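Enquirer: Take this structure first; my questions come after.
Every number in this text was worked out from the coordinates using simple rules, so none of it is lab data. What you are looking at is a predicted structure, and each value in this text was computed from that prediction instead of being measured. Here Cβ is always computed from backbone atoms with ideal geometry, including for glycine, and neighbour counts include all displayed protein chains.
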Amino acid sequence: MPKRPLDDRAGTAATSTPSVALAAPPSPDVPTPLLGGLTPSQFMRRYWQKKPLLIRGAIADVTPPLSRDALFELACGDDAEARLISQVRGRWSLEHGPFDLDALPSIKRREWTLLVQGVDLHDDRARALLERFRFVPDARLDDLMISYATDGGGVGPHFDSYDVFLLQVHGKRRWRISAQRDLTLKPGLPLKVLQHFEADEEWVLEPGDMLYLPPHIAHDGVAEGECMTCSIGFRAPSANELIGQFLYYLAERGEVAHSQAGERLYRDPKQAAVAHPAKLPGAMVEELGAILARLRWTQRDLVSFLGSYLSEPKSQVVFDAPDRPLAEAAFIRRAQASGIRLDNKTALLYGERTYFINGEESAFGHSRKWLCELADVRRIEGKRFVTLSADRSMTALLYEWYRAGWVRVGAIS
């Protein structure tokens, strides 16, 4: 089969190890070593959902956001999604966490991989690393996963239905990729492994190197010695998911009732006696079609649904409210001195008229400027908070979020 071209770009003056301090979202038109000297605008135009890109030296002197022991400990907790994948005598096995720390395989054993999802929700350094990729809308940005593997470890040749950046942060991993159209999976396995994988290209990635893959590019990564890889993944909801959730959203809000169909009970005064009682009544099928045909929605309904749905925390997310919350006046003084930031687990999106925080929609009121700034930058510095504090409604709102654990006072520690 013809090879799909892949660019290999060497980063120029690469940035330093991810800082715990959160940076502003990347500027769309400023070249960055993260993308091999491309601007985010150029990358999105030339590569996003189009073709792979290999970037040498994307982040110089990179180190893992978490140590091996810290990652293992996180995988043993109830609030992180973790999987253990291994091969024994050529046979794949898959286990789901949380794990008992003593039950994890020895690091001296070959061919096993630990995957921990959503590390950015639990670790400030992982969150800071994820911030580098906010040239893609937050509505699409999903999470940062860390893959730890011993020598020979991997998850088999597979494909993803979403875009992914694969950043090597420790050790080496050999990647093979293919633009093959045959995506048939091997039957009877606990994970999705391609039945026929034929590599087009192959590279060994070292710390700081990164590979971008658009959806459905087959790939296989195998550790060469102990290694850690950060995967920055993106949300790609299916049409079926969006349609189902949107209809549920309309029904929950009473929009079906507004169509003069939701409150009315089904009636069939002309229903005849039947000889085949198990057969669905044709009149009931027609009535359902008529109900759906009468449904109407507006652009505002679509924005409201998407903002609420995409900002809804995942099921395992739990916010940690402060054990001994500051009084409101003390909160304001502390924020004026050291600023505030969104908790790593908080999702804050906005539209033209409303904003959405953790699945809840509210009107902007007079605080649109501040809320949009907080959503885009995810923090407000102390000096800016001094100006903000003149807006009494905004300080009251932020204090409410602080007490709920949605907002933190001060810089990342």
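Enquirer: If the viscosity is 0.692 mPa s and the temperature 37 °C, what translational diffusion coefficient in µm²/s does Stokes-Einstein give for the chain when Rh comes from Kirkwood over Cα pairs?
Expert: In µm²/s, the coefficient rounds to 136.
Enquirer: Quick one: putting +1 on the C-beta of Lys and Arg, -1 on the C-beta of Asp and Glu, what dipole do you get for the stretch 145-296 around its Cα centre, in Debye to the nearest 20?
Expert: Values: 15 positive and 20 negative charges, 188 e Å.
My answer is approximately 900 debye.
Enquirer: If I model a spin label at Val317 and Leu265 as a point 7 Å from the Cα along the Cα→Cβ vector, what separation in nanometres do I get?
Expert: For Val317 paired with Leu265, the spin-label model returns 4.1 nm.
Enquirer: Neighbour counts of other C-beta atoms within 10 Å: give me Arg127, Arg45 arranged from fewest to most.
Expert: Least crowded to most crowded, the residues run Arg45, Arg127.
Enquirer: Using only Cα atoms, locate the centre of the stretch 88-115 and the centre of the stretch 298-377, then give the distance between them in Å, rounded to an integer.
Expert: If you average the Cα positions of each part, the centres end up 38 Å apart.
Enquirer: Moving on. What residues qualify as long-range amide H neighbours of Ala179, i.e. H under 5 Å apart, gap of 5 or more or another chain, H built at 1.01 Å from N?
Expert: Answer set, sorted by chain and number: Arg4, Asp200.
Enquirer: Then there is this: Report ³J(HN,Hα) in whole Hz for each residue of the stretch 92-108, in order, from the Karplus equation J = 6.51 cos²θ - 1.76 cosθ + 1.60 where θ = phi - 60°; Gly and Pro get x.
Expert: 7, 9, 9, 10, 9, x, x, 10, 7, 3, 6, 8, 5, x, 5, 5, 7
Enquirer: Something else now. Return the calculated 222 nm mean residue ellipticity for the chain, to the nearest 500 deg cm²/dmol, obtained by summing -39500 (n - 2.57) across DSSP H runs with n ≥ 4 and dividing by the residue count.
Expert: Numbers: 11 runs with 107 residues, N = 413.
The helix-only estimate for the chain comes to -7500 deg cm²/dmol at 222 nm.
Enquirer: Okay, next question. So between Thr63 and Tyr248, what do we pick up on full extension, going 0.36 nm a residue minus the alpha carbon distance?
Expert: Gain on stretching Thr63 to Tyr248: 62.2 nm.
Enquirer: Right, another one. Magnitude of the Cβ-charge dipole of the chain, K/R +1 and D/E -1, about the Cα centre, nearest 20 debye?
Expert: In debye, rounded to 20, the chain gives about 720.
Enquirer: If you don't mind, there's one more thing I want to ask. In nm², what is the average projected area of the convex hull enclosing the Cα atoms of the stretch 328-409? Present the calculation step by step, with values, prior to reporting the outcome.
Expert: Numbers: hull surface 18.8 nm².
Averaging across all directions leaves 4.7 nm² for the Cα convex hull.
Enquirer: Once you sort the root eigenvalues of the Cα gyration tensor of the stretch 7-234 as a ≥ b ≥ c, which label holds: rounded (a/c under 1.5), prolate (a/b larger than b/c) or oblate (the other case)?
Expert: Since a/c reaches 1.5 but b/c is at least a/b, the shape of the stretch 7-234 is classed as oblate.
Enquirer: Just to be sure I understand: with springs between alpha-carbon atoms less than 10 Å apart, which residue in Ile357, Ile85, Ile243 has the highest mean-square fluctuation in the Gaussian network model of the chain?
Expert: Looking only at Ile357, Ile85, Ile243, the largest GNM fluctuation is found for Ile243.
Enquirer: Based on the Cβ-Cβ distance of Met44 and Leu183, what FRET efficiency does E = 1/(1 + (r/R0)^6) give at R0 = 30 Å, to the nearest 0.05?
Expert: Working: r = 25 Å, r/R0 = 0.84.
It comes out at approximately 0.75.
Enquirer: Give me the one-decimal nm value for the distance between modelled label points at Ala283 and Arg353, 7 Å along each residue's Cα-to-Cβ direction.
Expert: It works out to 4.1 nm between the two label points.
Enquirer: Using label points projected 7 Å from each Cα along Cα→Cβ, tell me how many nm separate His216 and Ala293, to one decimal.
Expert: The modelled label-to-label distance comes out at 3.4 nm.
Enquirer: Right, next: With θ set to phi - 60°, apply the Karplus curve 6.51 cos²θ - 1.76 cosθ + 1.60 along the stretch 57-67 and write out the HN-Hα couplings as whole Hz, x wherever there is a Gly or Pro.
Expert: Running phi through 6.51 cos²θ - 1.76 cosθ + 1.60 with θ = phi - 60° gives x, 4, 9, 6, 6, 5, 10, x, x, 10, 6 Hz.
Enquirer: Separate question: Using amide H atoms built 1.01 Å from N in the peptide plane, name the residues 5+ places from Tyr162, or on other chains, whose amide H lies under 5 Å from its own.
Expert: His216
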